[in-house]
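S.K.: Provided herewith is a single structure, encoded as structure tokens, for subsequent inquiry.
No lab work stands behind these numbers, since they all come straight from the coordinates. As the structure is a computational prediction, the values presented were derived from the model and not from experiment. Heads up, the Cβs are rebuilt from the backbone with ideal geometry, glycines too, and the neighbour counts pull from every protein chain shown.
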Amino acid sequence: MSPSAEVPVATAGVSRVPAGDALLQVRHLVKHFTVGGGLFGGTPGVVRAVDDVSFAIRRGETLGLVGESGCGKTTTGRCILQLERPTSGQVIFEGRDLTGLDQVALRPVRRRMQVIFQDPYSSLNPRMTVGQILAEPIAVHRLITNAARRRERVHDLLQRVGLLPQHADRYPHQLSGGQRQRVGIARALAVEPALIICDEPVSALDVSIQAQIINLLEDLQAELHLTYLFIAHDLAVVRHISDRVAVMYLGKIVEIADRRELYENPLHPYTQALLAAVPIPDPALEASRPRPVLGGEVPSPLNPPSGCVFHPRCPIAVDRCRGEIPPLREITPGHWAACLLA
């Protein structure tokens, strides 16, 4: 792909992003899991965890990916990292399609893509000290071969995320939840990545600690020119850190727009319902604003509805929604929605 090539509008979810500016392009990503069958027979089913997802992330940008639990956010992140191999589609990172690379070819790419996991309690090896945890990826990728210089690098990483050099000698169980997540961030930074996938990095933390971690991520992004895919279900957190926001429902992106535009003018009924559920501090405004009520439960990805996957719960659905799959289309410049009535 030439540097001047453009991401096709229909698959980018952004308005004509030059490929030279797009660090990551996800095109028609699909991930299905086969379940059932097994030892006692039965008909196996297919879980459509991610079903034709497309977007692009510019260098230095934060794209927020939001939606209810089980909508496919984390699976999308794992497919980008190639921790899960996609069923189909493309993941183009720095001009290379990762879906066609084997494990050997992926190894140098993994240095450029890192992840901060949701649970700081289970994502760190309890048998290793913090210093060993941070030094391991540096040694694996052979960034610093001298042991003394590696220790200096570990101390620098700890200070960069707000910890002390003496924390290097402690084990994860000797740290608080916020400190463990700072270690997780330092581990992601250790190999100098370009893209970090933040998989609900603050959802397991106290509210007071969440703000500190979000501010730390923003400071690091400005200082190190990082690019984030920020996966979360907390709309307030996503609004604070993201440049653009993509909304997922049942394996599909239903809306993507600039942060301010999406929060002030949501076009998809699902996005409208999500935002209406966020409380407003002003009691008078909270009591007077309309609240769209969604009926029923989220359908199973084993048996998704025909047509628009949201139509069984949509308050404005018409007969056409039951039989026609709405494309993700640009309604206004830079604002995309998958709704036939938008």
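S.K.: Collect the residues in the range 51-89 that are aliphatic (A, V, I, L, M) and within 23 Å of ARG107 (Cα to Cα), keeping them in residue-number order.
M.R.: ALA56, ILE57, ILE80, LEU81, LEU83
S.K.: Within the range 75-97, track down each residue that is under 18 Å from TYR228 (Cα atoms) and not charged (D, E, K, R).
M.R.: Answer for the range 75-97, where residues must be under 18 Å from TYR228 (Cα atoms) and not charged (D, E, K, R): THR75, THR76, GLY77, CYS79, ILE80, LEU81, GLN82, LEU83, VAL91, ILE92, PHE93, GLY95.
S.K.: Are there any pairs, at least 6 apart or on different chains, whose C-beta atoms fall under 6 Å, with the first in the range 206-223 and on the phi < 0 side of the Ramachandran plot and the second among the small types (Gly, Ala, Ser), and if so, which?
M.R.: As it stands, the answer is ILE209/GLY178, since those pairs meet every condition given.
So that you can scan it fast, the table gives a plain yes or no per residue for (1) farther than 30 Å from ILE92 by Cβ; (2) free of Cβ contacts under 8 Å to residues at least 40 places away in the same chain; (3) of a type outside the set (Asp, Glu):
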residue: ASN125; (1), (2), (3): yes, no, yes
residue: ILE133; (1), (2), (3): yes, no, yes
residue: PRO137; (1), (2), (3): no, no, yes
residue: ARG150; (1), (2), (3): yes, yes, yes
residue: ASP156; (1), (2), (3): yes, yes, no
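S.K.: What are the residue pairs meeting all of these: first residue in the range 295-319, first residue over 17 Å from LEU341 (Cβ atoms), second residue acidic (Asp, Glu), Cβ atoms under 7 Å, and 6 or more apart or on different chains?
M.R.: Pairs found: VAL298/GLU68.
S.K.: Can you confirm whether VAL278 is of a type in the set (Val, Ile, Thr), under 30 Å from LEU226 (Cα atoms) and buried (at least 16 other Cβ atoms within 10 Å of the Cβ)?
M.R.: So VAL278 fails the test.
S.K.: What number of residues within the range 73-84 are farther than 10 Å from VAL53 by Cβ, touching a residue at least 24 places away in the same chain (Cβ under 8 Å) and in contact with a Lys or Arg (Cβ under 9 Å, 6 or more places away or on another chain)?
M.R.: Selection size over the range 73-84: 3.
S.K.: Quick one: ALA236 ticks every box in (1) of a type in the set (Gly, Ala, Ser); (2) assigned to a helix (DSSP H, G or I); (3) over 30 Å from LEU328 (Cα atoms); (4) touching a residue at least 24 places away in the same chain (Cβ under 8 Å) bar one, so which box is it?
M.R.: Exception for ALA236: condition (3).
S.K.: Now, a different point. Quick one: which strands (runs of 3 or more DSSP E) sit completely within the range 42-112 and have at least 2 residues that are farther than 23 Å from ALA236 by Cβ and of a type in the set (Lys, Arg)?
M.R.: Those strands (runs of 3 or more DSSP E) span 45-58.
S.K.: Residues that are outside any helix (DSSP H, G or I), within 27 Å of LYS31 (Cα to Cα) and out of contact with any Gly (no Cβ under 7 Å at 6 or more places or on another chain): does the range 253-263 have at least one?
M.R.: Checked against the condition, which is being outside any helix (DSSP H, G or I), within 27 Å of LYS31 (Cα to Cα) and out of contact with any Gly (no Cβ under 7 Å at 6 or more places or on another chain), the range 253-263 yields at least one hit.
S.K.: Hey, among LEU216, LEU205, which residue is among the aliphatic types (A, V, I, L, M), part of a loop (DSSP other than H, G, I, E, B) and over 21 Å from ARG78 (Cα atoms)?
M.R.: It is LEU205.
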